[in-house]
Amino acid sequence: MSIDVGALRQNWPPPGNPRPIVIIGAGGIVTDAHLPAYRLANLPVAGVFDLDADRARSVAEAWGTRAFASLDEAIATPDAVYDLALPPAAHLDVLPKLPDGAAVLLQKPMGRNLAEATAILNLCRAKSLKAAVNFQLRFSPMLLAVADALQRGWLGRLIDVEVHLNLVTPWQLFPFLNGMPRVEIAVHSIHYLDTLRALLGNPTGVHARTLGHPSTTLAQTRTSALFDFAPDQRVTFSINHNHDWGRRFQDASFRIDGTEGAAMVKLGLLLNYPEGEPDELWITQRDDDWTQVPLAGKWFPHAFIGTMSNLQRYAAGEDDRLVTGVEDAWHTMALAEAAFESAAKPATPVRSAP
């Protein structure tokens, strides 16, 4: 292969003078991804707060940090960057209490719907918050490398992108999803919506169906969607979290075809979740063999380094762009809203025989 895949960018530069991170919320995502990521990157954690004080103390003891006694005590930490690892409904309760002009990272999604996302956006504007949303898949080593390959022109212009999941997800690990009216797109496939936007820009429309499965009471666990970008670009989702028939034909992938080359991404984390398998990235150009790109990390926890590093660097003036800032993240929420609206509409009727 004429291209040097080892030269592809796979990580975000660290902040030159990291500020202390105050984590608000101590759920599983904090111990599975946030804290491991910050330890890997040597980003200082000032402490953690949770409404469940015992949970906060347990997490703090396990990770050698402080458990704040109250939200006010946590917020009072000098020069802090706030990491809101909260359910989407809680953001609007905590954001008003932060100092004006603070740097804050919000757990995805940006509210439960577009109306809440808009309220969060307006609040962040009113308080001049440097606010980003933790849409971190685009910061994973494999997707940073794909973005770099595109920037270098190795793939040409993208003309066909397919996101394909056919696997079993242990939804019992997420009991808070029970009873929620919006599940699959809102809390899972929203990662892929955001990544599509990172690669292709904003689509003009979406045709979608999202539905449940007889094996679960969750509102939705399967989604199909077709996205309108340029007239010659075909972009699709096929998402099935209920293929519980063994590993052989399970899949979690992005297929990315361009005019000059193609890439295949394996989302290893999702296979045999939460243990997962290795992520993979393969790239080819016309008349060349496929070449595997050696990856310098995984989606979890390495992508979480990128979102926090970009926020800290932006707050310090080291980055000129807040990649997943609320101004950008709002458009991912608008796409998710459009997908739910499309799914609620009837399909074009098929005519009966005369």
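A few points about this structure:
- The residue of segment 248-259 that is surrounded by the fewest Cβ atoms within 10 Å (Cβ to Cβ), among those that are out of contact with any Leu (no Cβ under 6 Å at 6 or more places or on another chain) and not in a strand (DSSP E or B), is Arg248.
- Near pairs, Cβ below 8 angstrom, 6+ apart or cross-chain, from segment 325-354 (within 19 Å of Gly205 (Cα to Cα) and outside the structural domain of Asn202 (by TED's automatic domain parsing)) to any residue that is among the basic types (Lys, Arg) and part of a loop (DSSP other than H, G, I, E, B): Ala329/Lys108; Phe340/Arg182
Matching residues to (1) more than 24 Å from Ala90 (Cβ to Cβ); (2) within 21 Å of the chain's Cα centre (by Cα):
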site: Val161; (1), (2): yes, yes
site: Asn166; (1), (2): yes, yes
site: Ile185; (1), (2): no, yes
site: His191; (1), (2): no, yes
site: Thr195; (1), (2): yes, yes
site: Asn202; (1), (2): yes, yes
site: Ala208; (1), (2): yes, yes
site: Asp232; (1), (2): yes, no
site: Phe237; (1), (2): yes, yes
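- Reported count of residues in segment 58-77, each being over 27 Å from the mean Cα position of the chain (by Cα) and hydroxyl-bearing (Ser, Thr, Tyr), is 2.
- Taken as a whole, the condition of being free of Cβ contacts under 8 Å to residues at least 40 places away in the same chain and more than 23 Å from Leu322 (Cβ to Cβ) does not apply to Ala26.
- The condition (being among the charged types (D, E, K, R), touching a residue at least 24 places away in the same chain (Cβ under 8 Å) and out of contact with any strand residue (DSSP E or B) (no Cβ under 6 Å at 6 or more places or on another chain)) is satisfied by just one residue among Arg286, Arg321: Arg286.
- Any hit, segment 174-184, residues being touching a Phe, Trp or Tyr at 6+ places or on another chain (Cβ under 9 Å), touching a residue at least 40 places away in the same chain (Cβ under 8 Å) and assigned to a strand (DSSP E or B): no
- Highlighted here are the strands (runs of 3 or more DSSP E) found entirely within segment 103-169 that include at least 2 residues which are under 19 Å from Pro203 (Cα atoms) and not β-branched (Val, Ile, Thr): 158-166.
- Restricting segment 271-311 to residues that are more than 18 Å from the chain's Cα centre (by Cα) and acidic (Asp, Glu), the residue that is surrounded by the most Cβ atoms within 10 Å (Cβ to Cβ) is Glu277.
- When Tyr38, Tyr82 are screened for being part of a strand (DSSP E or B) and buried (at least 22 other Cβ atoms within 10 Å of the Cβ), only Tyr82 passes.
- The numbered conditions (1) over 16 Å from the mean Cα position of the chain (by Cα); (2) assigned by TED's automatic domain parsing to the domain that holds Asp279; (3) over 28 Å from Ala74 (Cβ atoms) are all true for Leu114 except (2).
- Residue count for segment 41-65, restricted to those that are under 24 Å from Ala89 (Cα atoms) and either in a strand (DSSP E or B) or touching a residue at least 12 places away in the same chain (Cβ under 8 Å) (or both): 9
- Residue check for Arg157: over 29 Å from Ala219 (Cα atoms) and either of a type outside the set (Phe, Trp, Tyr) or surrounded by 20 or more Cβ atoms within 10 Å (Cβ to Cβ) (or both): yes
- Residue match in segment 5-12 (condition: touching a strand residue (DSSP E or B) at 6+ places or on another chain (Cβ under 7 Å) and aromatic (Phe, Trp, Tyr)): no
- The one condition in (1) touching a Lys or Arg at 6+ places or on another chain (Cβ under 8 Å); (2) buried (at least 18 other Cβ atoms within 10 Å of the Cβ); (3) not aromatic (Phe, Trp, Tyr) that Pro13 fails to fulfil: (2)
- Against the criterion of being within 23 Å of the chain's Cα centre (by Cα) and either on the phi < 0 side of the Ramachandran plot or part of a strand (DSSP E or B) (or both), His213 does not qualify.
- Taken together, Phe300, Phe304, Phe340 contain a single residue that is more than 15 Å from Pro14 (Cα to Cα), assigned to a helix (DSSP H, G or I) and either touching a His at 6+ places or on another chain (Cβ under 7 Å) or not basic (Lys, Arg) (or both), which is Phe340.
- Test: Asn122 is within 24 Å of Gly317 (Cα to Cα) and free of Cβ contacts under 8 Å to residues at least 12 places away in the same chain: yes
The values are calculated or read from the model by the stated rules, or taken from the named source; none is laboratory data. Please read these numbers as outputs of a predicted model, since none were measured by experiment. For neighbour counting, all protein chains shown are included, and Cβ atoms are generated from backbone atoms with ideal geometry for every residue, glycine included.
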